[in-house]
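Below is one structure; the comments refer to it alone.
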Amino acid sequence: MHVLKPNPTLDKACRFLGSVRGTDKVLMLIQYVSKILVWHLQRTGLGAANSGARAALITRILNFAGPVSDTRILLRYSGLIPLLQWTLQSEAAPSTSARSQFLVRAQNLCNFIYYPLEHTYWLALHNVIPVSPKNRDRIGIWSCRFWAAYVVLYFAQLYDDHLNLKQREKALLNRKIKVGGDDGSEAPHVSDVLAQVQALKDERKALTINSIINAAYFPLTVHWSLERSSFPDVGVGICGTIAAVAQFYTAWKAA
């Protein structure tokens, strides 16, 4: 009798955490939830008798969140390689729509500019390369502006995907399905249509999740693109957590 047996969930967790994508999503969740925790502790700890202990806890959370954020940026240092691969694939098999192909190319261009700027900013922030604080901050802001441009372009792509999917859903809904028959020859046809229905449902679900992620990212990219912004840090935490949970879900499902 085997007491210990292979666990499929544990196997999946190993695949998930063993990938850069899975590790990034776990760290992302920690990074943004920590902002909400700090806000909560600051808000509820005003004038409290244990304010000293709360202040110490806030410091420990911030001390942990800083390296987590740095680790996520370091993980993105390899981002240009899959981006280049995706660009080559999208050019080898271009979209049938000129508008869609333009959106893909524009998004790729934004990312090709965003990644090096972010890497340069981080290296300058940690005094790895000699860049003045003023120029360093400008580089960081411009990196976020190109990220914001990507997010806006992705909204346009998501809208096009929605219209395309809506047309296919309508076409499938209007199809006349004949079930049965004298010899039951229509059964495979019905099975095929049901498979198409499920495929469209999966596409709609993925489109909805990607829309939520992009909508959560949008205020963050605008916030970090401005030299002065009044967007609160807890807002950053909430939006980032929403994006993190949604991406964690998709990454886990794909693992």
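The values are calculated or read from the model by the stated rules, or taken from the named source; none is laboratory data. Bear in mind that the values here come from a model prediction, so they are computed numbers and not experimental data. For neighbour counting, all protein chains shown are included, and Cβ atoms are generated from backbone atoms with ideal geometry for every residue, glycine included.
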Open item on the list: Can you pull out every residue in the range 90-106 that is within 14 Å of residue 158 (Cα to Cα) and of a type in the set (D, E, K, R)?
Closed with: 99
Task: Candidate set: the range 1-40, residues that are part of a helix (DSSP H, G or I) and of a type in the set (Ser, Thr, Tyr); chosen: the one farthest from residue 63 (Cα to Cα) - done: 9
- [ ] Could you check, for the range 41-51, whether at least one of its residues is closer than 28 Å to residue 125 by Cβ, in a helix (DSSP H, G or I) and either at pLDDT 95 or above or not aliphatic (A, V, I, L, M) (or both)?
- [x] yes
Task: Among residues of the range 12-52, those that are hydroxyl-bearing (Ser, Thr, Tyr) and either within 27 Å of the chain's Cα centre (by Cα) or closer than 17 Å to residue 239 by Cβ (or both), counted - done: 4
Open item on the list: Taking the condition of being farther than 30 Å from residue 14 by Cα and out of contact with any Lys or Arg (no Cβ under 7 Å at 6 or more places or on another chain), how many residues in the range 216-255 meet it?
Closed with: 15
TODO: Sort out which residues of the range 166-225 are of a type outside the set (A, V, I, L, M, F, W, C), modelled with pLDDT under 75 and exposed (fewer than 14 other Cβ atoms within 10 Å of the Cβ), and write them in order of number.
DONE: 175, 176, 178, 180, 181, 182, 183, 184, 185, 188
TODO: Hey, could you check the range 4-34 for residues that are touching a Ser or Thr at 6+ places or on another chain (Cβ under 8 Å) and touching a residue at least 40 places away in the same chain (Cβ under 8 Å) and say which is surrounded by the most Cβ atoms within 10 Å (Cβ to Cβ)?
DONE: 32
Task: Every residue from the range 226-255 that is surrounded by fewer than 17 Cβ atoms within 10 Å (Cβ to Cβ), among the small types (Gly, Ala, Ser) and closer than 14 Å to residue 21 by Cβ - done: 254, 255
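Residue-by-condition table, conditions (1) at pLDDT below 95; (2) more than 30 Å from residue 106 (Cβ to Cβ); (3) of a type in the set (Val, Ile, Thr):
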{"site": "6", "(1), (2), (3)": "yes, yes, no"}
{"site": "9", "(1), (2), (3)": "yes, yes, yes"}
{"site": "24", "(1), (2), (3)": "no, no, no"}
{"site": "55", "(1), (2), (3)": "yes, yes, no"}
Task: Scope the range 105-136; condition in contact with a Phe, Trp or Tyr (Cβ under 9 Å, 6 or more places away or on another chain) and β-branched (Val, Ile, Thr); matching residues - done: 113, 128, 131
Open item on the list: residue 232 - would you say it is out of contact with any helix residue (DSSP H, G or I) (no Cβ under 7 Å at 6 or more places or on another chain) and within 24 Å of residue 137 (Cα to Cα)?
Closed with: yes
